[in-house]
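First comes the structure, then the notes that go with it.
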Amino acid sequence: MSNAPLSEQFRLAAKDWVDKDAAASMLEETKSAVLAQRMGALGDMPVNRAEQIVKGSKEWHDWIEGMVNARTAANLAKVKLEWVRMRF
């Protein structure tokens, strides 16, 4: 537990949540653009085939995993923020 006043604990928890939520949202919002870029990098081929190749790749799996982990971290930060709010 921090010895800081609850108002300061809340401010820090709120900033942490905002930062993590922004990072998760950026990944979510750019998902389609990243998919399109990776598909385009494969060259001239049918769209459905390019999508299958990209979505089946380890890199795409890692991208999705990172996106989910970022949202999970943001959700946890939000819970911590609410915990401080309840104490306040």
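Here, each number is a calculation from the coordinates, and none is a lab measurement. Note that the structure is a prediction, hence the values are computed from the model and not measured. Cβ coordinates were reconstructed from backbone atoms using ideal geometry, including for glycine residues, and neighbour counts include every protein chain displayed.
Overview of values
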{"read-out": "Order by protection proxy (mean Cβ within 10 Å, highest first), peptides 77-83, 61-67, 38-44", "value": "77-83, 61-67, 38-44"}
{"read-out": "Relative contact order %, the chain, counting alpha carbon pairs below 8 Å whose residues are six or more apart", "value": "55 percent"}
{"read-out": "Gained length - MET26 relative to LEU42, 0.36 nm times residue gap less alpha-carbon distance", "value": "3.3 nm"}
{"read-out": "In the chain, lysine pairs closer than 28 Å at Cα, eight or more apart or cross-chain", "value": "12"}
{"read-out": "In degrees, nearest ten, helix 6-29 long axis to first principal axis of the chain (Cα)", "value": "10 degrees"}
{"read-out": "Whole-number Å³ per residue for the convex hull built on Cα positions in the chain", "value": "90 Å³"}
